[in-house]
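Asker: Dropping the structure in here first, questions after.
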Amino acid sequence: MQLLLRNITHHYGGRTVLDDISLTVDDGEIVCIVGPSGCGKSTLLRIAGGLEKPDEGQALLSGPEPEGSLNPLTYIFQDFALLPWRSVEGNVSLVLEDHGIAAAERRTIIADVLARTNLSDFAKALPRQLSGGMKQRVAIARALAVKPAIMLMDEPLSALDSQTRELLMDDLVALWTASAFQPATSHTTSTRPCGLAAASSFCLAGRDVSVTWSRSTCRLQSVSTGWRSSKPCSAASGTSCVRKPAKPTGRSPMSHDATRDVPVAGAGVSETGGQRPVPFRGGGFVHRPLGPVAPLVFLAILAVWELGSRSGFISSIALPAPSEAFGALGDLFQTGMLWKHLGASLYRLIVGWTLGSLLGIAVGLFIGLFSLARAGLLPLVSALFPVPKIALLPLFIIWFGIGEGSKVATILFGTFFPTVIATYGGVDNVDRNLIRMGQSFGMSWLSIVRKIIVPGAMPAILSGFRISLPSPLFCLWRQR
């Protein structure tokens, strides 16, 4: 397959970021797009991958799709776009689940691509447990799982240290040249000159010369004039076209570099002669578990409350002392009335809170996913949210009667609005690149909502539950 970009022009506001760009990527080539930050590399790749529409021009594919390719044009994002709640194998499985592949076959494909990217031992690990280089290999493994014909990579190594960058670039070239990777024969990479090649470049910042290489030839192409020149590569793999072998340093990695007069990583460091260990300066604001603190604070509050009530500082009419409250609780227990009142209160709380939460999640998802629902419902939610919920109890009594219906409705109303706001806020905060990743792999709208948006919004929804729970408890207390 060929990828053809024809007269691509694109603007952001009044600024032109791409101006009449044309480029052809032939079968079996690696093309590296090089330029300074902001020159339009990522925009060009998003257009090539169908993730953004150009103002002018078009991106084209030429040639038949390889047999067995599930996603011929595959995109690897700059920030990896891994779902943090899925394991390594779960992230790879995500792009296979919408293709009707049997579970056994999916496991075979996942095991194969993880083995090819040296991740078999980390199949069950979560992204937060991986290094940057390993996360990038997961993104590459996920792309390989769909057997792409063309792979678009948006600065995939820019966030890595130089050593990891070089190692991953070697791995990528090895995957490209391996016979097991023959169905995916065309690649387009966007990266800074970081080992793939200084000579594999298509510069966007005032330069119009593109140098590409394949297993057999290197090609120099002028974007503006279309002239080209070819020469044979000196190695079958083509790597000699893009990288010179490193010069031997003459020293072991665990040694002392006399030219810099500083210790080399791995060399022994003495604590004498002015040298000392680097002091520990913090653990990244990680909280320490302090189990006894919460009950001690609670007991302290009860003690202050009791003292304030006994001294008259706190009115016993407005807030009786804890000892009086515990005495009244004991009397209810002895008369058997405790369970009757507790059962009625729990019924109102559970029914009202559950219905309010479910309705709030549904309306919040509608507002977060559909522009029409946002335009029509969001102003209404914003206007009604500040209204004191208990103030509406007389209205609910008129509507639902003086029985349980009005009391459940008050709790439902108090739960509904915080849940709506938390839900659509969570949907808004889902990383757009995760959604674009699903779109780039051809996932259906429903799968993206079910597997990416809802799990991504779940922390905000759960936080909304914590915020909404005090409101029905207050309404329940005011109903007594």
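The values are calculated or read from the model by the stated rules, or taken from the named source; none is laboratory data. Everything numeric in this text was worked out from a predicted model, so none of it was measured. As a convention, Cβ positions derive from the backbone with ideal geometry for all residues, glycine included, and neighbour counts pool all protein chains shown.
Asker: Please work out which one of (1) closer than 25 Å to residue 434 by Cα; (2) of a type outside the set (A, V, I, L, M, F, W, C); (3) touching a residue at least 24 places away in the same chain (Cβ under 8 Å) is the condition residue 37 fails and give its number.
Answerer: That leaves (3) as the condition not met.
Asker: Out of contact with any helix residue (DSSP H, G or I) (no Cβ under 8 Å at 6 or more places or on another chain) and either outside the structural domain of residue 450 (by TED's automatic domain parsing) or in a helix (DSSP H, G or I) (or both): is that true of residue 69 in this structure?
Answerer: Criteria met by residue 69.
Asker: Any residue in region 36-56 that is outside the structural domain of residue 435 (by TED's automatic domain parsing), assigned to a strand (DSSP E or B) and within 21 Å of residue 149 (Cβ to Cβ)?
Answerer: Scanning region 36-56, I find no residue that is outside the structural domain of residue 435 (by TED's automatic domain parsing), assigned to a strand (DSSP E or B) and within 21 Å of residue 149 (Cβ to Cβ), so the answer is no.
Asker: So, one more: Among the listed residues 51, 70, 60, which satisfies the condition of being modelled with pLDDT of 85 or more and under 30 Å from residue 133 (Cβ atoms)?
Answerer: Among 51, 70, 60, only 70 is modelled with pLDDT of 85 or more and under 30 Å from residue 133 (Cβ atoms).
Asker: Further, regarding this structure: In the set 47, 30, which member is buried (at least 20 other Cβ atoms within 10 Å of the Cβ), farther than 21 Å from residue 433 by Cβ and either among the hydroxyl-bearing types (Ser, Thr, Tyr) or touching a residue at least 12 places away in the same chain (Cβ under 8 Å) (or both)?
Answerer: Among 47, 30, only 30 is buried (at least 20 other Cβ atoms within 10 Å of the Cβ), farther than 21 Å from residue 433 by Cβ and either among the hydroxyl-bearing types (Ser, Thr, Tyr) or touching a residue at least 12 places away in the same chain (Cβ under 8 Å) (or both).
Asker: Now for a different question. For residue 60, are the conditions met, namely being in a strand (DSSP E or B) and either closer than 25 Å to residue 95 by Cα or aromatic (Phe, Trp, Tyr) (or both)?
Answerer: Criteria met by residue 60.
Asker: Has region 139-147 got at least one residue that is assigned to a helix (DSSP H, G or I), of a type in the set (D, E, K, R) and without any contact (Cβ under 8 Å) to a residue 24 or more places away in the chain?
Answerer: No: region 139-147 contains no residue that is assigned to a helix (DSSP H, G or I), of a type in the set (D, E, K, R) and without any contact (Cβ under 8 Å) to a residue 24 or more places away in the chain.
Asker: Being touching a Leu at 6+ places or on another chain (Cβ under 6 Å), buried (at least 19 other Cβ atoms within 10 Å of the Cβ) and over 18 Å from residue 130 (Cα atoms) is the filter here, so list the residues in region 73-105 that pass it.
Answerer: Scanning region 73-105 gives a single hit, 75.
Asker: Looking at (1) surrounded by fewer than 18 Cβ atoms within 10 Å (Cβ to Cβ); (2) under 33 Å from the mean Cα position of the chain (by Cα); (3) more than 21 Å from residue 50 (Cα to Cα), which is the one condition that is false for residue 433?
Answerer: (3)
Asker: Go through 426, 360, 376, 401 for me and flag whichever is within 30 Å of residue 139 (Cβ to Cβ) and either in contact with a helix residue (DSSP H, G or I) (Cβ under 6 Å, 6 or more places away or on another chain) or not polar (S, T, N, Q) (or both).
Answerer: It is 426.
Asker: Of the residues in region 2-41, how many are on the phi > 0 side of the Ramachandran plot and more than 29 Å from the chain's Cα centre (by Cα)?
Answerer: Residues that pass the stated criteria total 3.
Asker: Being among the charged types (D, E, K, R) and without any contact (Cβ under 8 Å) to a residue 40 or more places away in the chain narrows it down to one residue among 155, 105; which is it?
Answerer: Within the list 155, 105, the selection yields 105.
Asker: While we're looking at this one, here's another question. Quick test of your reading of the structure: residue 79 fulfils all but one of (1) within 17 Å of residue 151 (Cα to Cα); (2) modelled with pLDDT of 85 or more; (3) not β-branched (Val, Ile, Thr). Name the failing condition by number.
Answerer: (2) is the only condition that residue 79 fails.
Asker: Is it the case that residue 453 is under 27 Å from residue 76 (Cα atoms) and either touching a residue at least 24 places away in the same chain (Cβ under 8 Å) or touching a helix residue (DSSP H, G or I) at 6+ places or on another chain (Cβ under 9 Å) (or both)? Before the answer, list the steps.
Answerer: Details: under 27 Å from residue 76 (Cα atoms): yes; either touching a residue at least 24 places away in the same chain (Cβ under 8 Å) or touching a helix residue (DSSP H, G or I) at 6+ places or on another chain (Cβ under 9 Å) (or both): yes.
Yes, satisfied.
Asker: While we're on this one: Can you tell me how many residues in region 86-117 are modelled with pLDDT under 90, in a loop (DSSP other than H, G, I, E, B) and within 23 Å of the chain's Cα centre (by Cα)?
Answerer: Of the residues in region 86-117, 1 are modelled with pLDDT under 90, in a loop (DSSP other than H, G, I, E, B) and within 23 Å of the chain's Cα centre (by Cα).
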